[in-house]
1. Pick out the one residue from SER121, SER117, SER102, SER86 that is within 17 Å of ARG155 (Cα to Cα) and of a type in the set (Gly, Ala, Ser).
2. For GLY111, work out the one condition from (1) more than 17 Å from GLU43 (Cα to Cα); (2) out of contact with any Asp or Glu (no Cβ under 6 Å at 6 or more places or on another chain) it doesn't fulfil.
3. Taking the criterion of being outside any strand (DSSP E or B) and of a type in the set (D, E, K, R), would at least one residue in region 65-76 satisfy it?
4. Pairs under 8 Å by beta carbon, first residue more than 22 Å from HIS81 (Cα to Cα) and free of Cβ contacts under 8 Å to residues at least 12 places away in the same chain in region 110-122, partner among the β-branched types (Val, Ile, Thr) and not in a loop (DSSP other than H, G, I, E, B), six or more apart or different chains?
5. Any residue in region 26-45 that is at pLDDT below 75 sitting within a Cβ distance under 7 Å of a residue that is in a strand (DSSP E or B)? List the pairs, counting only those 6 or more apart or interchain.
6. Which one of these is without any contact (Cβ under 8 Å) to a residue 40 or more places away in the chain and either in contact with a Gly (Cβ under 8 Å, 6 or more places away or on another chain) or more than 21 Å from SER90 (Cβ to Cβ) (or both): LEU72, LEU62?
7. When region 97-118 is examined, which residues are found to be exposed (fewer than 14 other Cβ atoms within 10 Å of the Cβ) and either within 10 Å of ALA78 (Cα to Cα) or polar (S, T, N, Q) (or both)?
8. Working carefully through the options LEU61, LEU72, LEU40, find the one that is surrounded by 11 or more Cβ atoms within 10 Å (Cβ to Cβ), closer than 23 Å to SER119 by Cα and out of contact with any Phe, Trp or Tyr (no Cβ under 7 Å at 6 or more places or on another chain).
Amino acid sequence: MPRMTQKPTQQLVMSALLAFPGINLAGETVPIDYLGANQLVLEIRYCECEAIKPDGDSSDLLPGFLKESKALKVAVSAGEHGFVASDEVSIGYKFDLVTGSSEEFEFSYAGTYATGSGSSSGQGRFVLEKGQWANIFGLRHRTETELLHTNVAVRLVELGGS
(Lines give C-alpha, C1' and ligand atoms only; values in the text may rest on other atoms or scores of the structure.)
Protein backbone atom coordinates (compact mmCIF):
# COMPACT_ATOMS: atom_id res chain seq x y z
CA MET A 1 0.00 0.00 0.00
CA PRO A 2 1.50 3.39 -0.92
CA ARG A 3 2.44 5.78 1.86
CA MET A 4 0.88 9.25 1.92
CA THR A 5 3.41 12.01 1.94
CA GLN A 6 3.04 15.17 4.03
CA LYS A 7 1.88 17.43 1.18
CA PRO A 8 -1.13 15.31 0.09
CA THR A 9 -2.05 14.87 3.79
CA GLN A 10 -2.06 18.66 4.32
CA GLN A 11 -4.16 19.13 1.19
CA LEU A 12 -6.64 16.51 2.41
CA VAL A 13 -6.95 18.15 5.85
CA MET A 14 -7.41 21.63 4.32
CA SER A 15 -10.05 20.31 1.91
CA ALA A 16 -11.93 18.72 4.82
CA LEU A 17 -11.79 21.96 6.83
CA LEU A 18 -13.09 23.98 3.91
CA ALA A 19 -15.89 21.46 3.30
CA PHE A 20 -17.20 21.94 6.86
CA PRO A 21 -17.61 25.70 7.49
CA GLY A 22 -18.61 25.15 11.14
CA ILE A 23 -15.10 23.94 11.84
CA ASN A 24 -13.63 27.11 10.33
CA LEU A 25 -15.74 29.39 12.51
CA ALA A 26 -14.77 27.75 15.79
CA GLY A 27 -11.69 29.95 16.27
CA GLU A 28 -13.03 33.13 14.64
CA THR A 29 -12.30 36.40 16.43
CA VAL A 30 -14.70 39.29 16.91
CA PRO A 31 -13.84 43.01 17.00
CA ILE A 32 -13.89 43.30 20.82
CA ASP A 33 -11.16 40.63 20.99
CA TYR A 34 -8.75 43.42 20.02
CA LEU A 35 -9.64 45.66 22.97
CA GLY A 36 -6.70 45.77 25.39
CA ALA A 37 -7.07 44.88 29.07
CA ASN A 38 -6.72 48.47 30.33
CA GLN A 39 -8.54 50.19 27.50
CA LEU A 40 -11.80 52.08 27.67
CA VAL A 41 -14.18 52.92 24.86
CA LEU A 42 -14.63 56.55 23.84
CA GLU A 43 -18.17 56.92 22.53
CA ILE A 44 -18.78 59.97 20.36
CA ARG A 45 -22.37 60.89 19.48
CA TYR A 46 -23.32 63.58 16.97
CA CYS A 47 -26.59 64.81 15.55
CA GLU A 48 -28.27 67.70 13.75
CA CYS A 49 -30.59 67.98 16.72
CA GLU A 50 -30.75 69.56 20.15
CA ALA A 51 -28.54 67.79 22.71
CA ILE A 52 -29.33 69.70 25.91
CA LYS A 53 -31.96 72.17 27.04
CA PRO A 54 -30.85 75.79 26.55
CA ASP A 55 -30.34 76.21 30.30
CA GLY A 56 -29.28 72.59 30.90
CA ASP A 57 -26.02 71.09 32.12
CA SER A 58 -23.67 69.69 29.44
CA SER A 59 -24.00 66.21 30.95
CA ASP A 60 -27.83 66.15 30.85
CA LEU A 61 -28.38 64.96 27.30
CA LEU A 62 -31.90 64.89 25.94
CA PRO A 63 -33.32 61.41 25.21
CA GLY A 64 -34.07 62.54 21.64
CA PHE A 65 -30.40 63.29 21.05
CA LEU A 66 -29.34 59.83 22.24
CA LYS A 67 -32.00 58.21 20.06
CA GLU A 68 -31.35 60.22 16.87
CA SER A 69 -27.57 60.61 17.03
CA LYS A 70 -24.98 58.64 15.12
CA ALA A 71 -22.18 57.00 17.09
CA LEU A 72 -18.46 56.48 16.69
CA LYS A 73 -16.62 54.25 19.16
CA VAL A 74 -12.89 53.90 19.59
CA ALA A 75 -10.65 52.11 22.10
CA VAL A 76 -8.58 54.52 24.20
CA SER A 77 -5.98 54.27 26.93
CA ALA A 78 -5.03 56.78 29.61
CA GLY A 79 -1.95 58.78 28.70
CA GLU A 80 -2.34 58.22 24.98
CA HIS A 81 -3.69 60.51 22.29
CA GLY A 82 -5.55 59.73 19.11
CA PHE A 83 -7.79 60.81 16.28
CA VAL A 84 -11.11 59.46 15.00
CA ALA A 85 -13.21 60.61 12.06
CA SER A 86 -16.27 59.87 9.98
CA ASP A 87 -17.54 61.73 6.93
CA GLU A 88 -19.10 64.35 9.22
CA VAL A 89 -17.10 64.41 12.47
CA SER A 90 -13.39 64.49 13.26
CA ILE A 91 -11.93 64.64 16.76
CA GLY A 92 -8.40 64.57 18.10
CA TYR A 93 -8.21 63.67 21.79
CA LYS A 94 -5.99 62.85 24.75
CA PHE A 95 -6.84 61.27 28.11
CA ASP A 96 -4.88 61.35 31.34
CA LEU A 97 -6.04 59.66 34.52
CA VAL A 98 -6.60 62.21 37.28
CA THR A 99 -4.11 61.52 40.09
CA GLY A 100 -5.69 59.49 42.88
CA SER A 101 -8.77 58.51 40.85
CA SER A 102 -9.71 55.52 38.76
CA GLU A 103 -12.94 57.10 37.49
CA GLU A 104 -11.89 60.61 36.38
CA PHE A 105 -9.87 61.58 33.34
CA GLU A 106 -8.52 64.86 32.09
CA PHE A 107 -9.88 65.02 28.56
CA SER A 108 -8.36 67.33 25.92
CA TYR A 109 -9.89 67.57 22.48
CA ALA A 110 -10.26 69.51 19.25
CA GLY A 111 -12.96 68.64 16.77
CA THR A 112 -15.25 69.63 13.93
CA TYR A 113 -18.72 68.57 12.82
CA ALA A 114 -19.72 69.46 9.26
CA THR A 115 -23.24 69.05 7.90
CA GLY A 116 -25.12 70.25 4.85
CA SER A 117 -26.48 73.16 6.88
CA GLY A 118 -23.16 74.33 8.32
CA SER A 119 -20.37 73.31 10.62
CA SER A 120 -19.36 73.65 14.23
CA SER A 121 -16.09 73.11 16.01
CA GLY A 122 -14.70 73.13 19.49
CA GLN A 123 -11.66 72.54 21.58
CA GLY A 124 -11.15 72.28 25.27
CA ARG A 125 -9.86 70.49 28.33
CA PHE A 126 -11.88 69.31 31.32
CA VAL A 127 -12.33 66.44 33.77
CA LEU A 128 -14.55 63.69 32.40
CA GLU A 129 -15.94 61.08 34.78
CA LYS A 130 -16.15 57.53 33.43
CA GLY A 131 -19.70 56.83 32.18
CA GLN A 132 -20.78 60.49 32.22
CA TRP A 133 -21.83 62.24 29.01
CA ALA A 134 -20.42 65.66 28.11
CA ASN A 135 -21.76 67.81 25.28
CA ILE A 136 -18.43 69.15 23.99
CA PHE A 137 -19.49 71.47 21.18
CA GLY A 138 -22.34 72.41 18.92
CA LEU A 139 -24.12 75.19 17.14
CA ARG A 140 -27.56 76.71 17.48
CA HIS A 141 -28.59 78.79 14.48
CA ARG A 142 -31.92 80.38 13.60
CA THR A 143 -32.88 80.69 9.96
CA GLU A 144 -35.95 82.51 8.69
CA THR A 145 -37.99 79.32 9.00
CA GLU A 146 -36.41 77.15 11.69
CA LEU A 147 -33.93 76.69 14.52
CA LEU A 148 -31.01 74.45 13.51
CA HIS A 149 -28.77 72.52 15.88
CA THR A 150 -25.55 70.54 15.56
CA ASN A 151 -24.14 68.81 18.65
CA VAL A 152 -21.33 66.47 19.60
CA ALA A 153 -21.16 64.61 22.92
CA VAL A 154 -18.66 62.12 24.37
CA ARG A 155 -18.33 59.65 27.21
CA LEU A 156 -15.83 57.03 28.37
CA VAL A 157 -17.13 53.58 29.18
CA GLU A 158 -15.76 50.18 30.00
CA LEU A 159 -16.45 47.43 27.48
CA GLY A 160 -20.12 46.56 27.73
CA GLY A 161 -20.81 49.79 29.68
CA SER A 162 -24.02 51.70 29.18
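1. Values: SER121 fails: within 17 Å of ARG155 (Cα to Cα); SER117 fails: within 17 Å of ARG155 (Cα to Cα); SER86 fails: within 17 Å of ARG155 (Cα to Cα).
On inspection, the qualifying residue turns out to be SER102.
2. (1)
3. First, pick out the residues of region 65-76 that are outside any strand (DSSP E or B): 65-69.
Then keep just the ones that are of a type in the set (D, E, K, R); that gives 67-68.
Yes: one or more hits.
4. none
5. Qualifying pairs under 7 Å: LEU35/ALA75; GLY36/ALA75.
6. Step by step, each of LEU72, LEU62 is checked, and only LEU62 is without any contact (Cβ under 8 Å) to a residue 40 or more places away in the chain and either in contact with a Gly (Cβ under 8 Å, 6 or more places away or on another chain) or more than 21 Å from SER90 (Cβ to Cβ) (or both).
7. Within region 97-118, the first condition is being exposed (fewer than 14 other Cβ atoms within 10 Å of the Cβ), and the residues that meet it are 99-103, 116-118.
Of everything in region 97-118, those that are exposed (fewer than 14 other Cβ atoms within 10 Å of the Cβ) and either within 10 Å of ALA78 (Cα to Cα) or polar (S, T, N, Q) (or both) turn out to be THR99, SER101, SER102, SER117.
8. Values: LEU61 fails: out of contact with any Phe, Trp or Tyr (no Cβ under 7 Å at 6 or more places or on another chain); LEU40 fails: closer than 23 Å to SER119 by Cα.
Exactly one residue qualifies, and that residue is LEU72.
The values are calculated or read from the model by the stated rules, or taken from the named source; none is laboratory data. Computed from a predicted structure; not experimentally measured. Methodologically, a virtual Cβ is constructed for each residue, glycine included, from the backbone with ideal geometry; neighbour enumeration extends over all protein chains shown.
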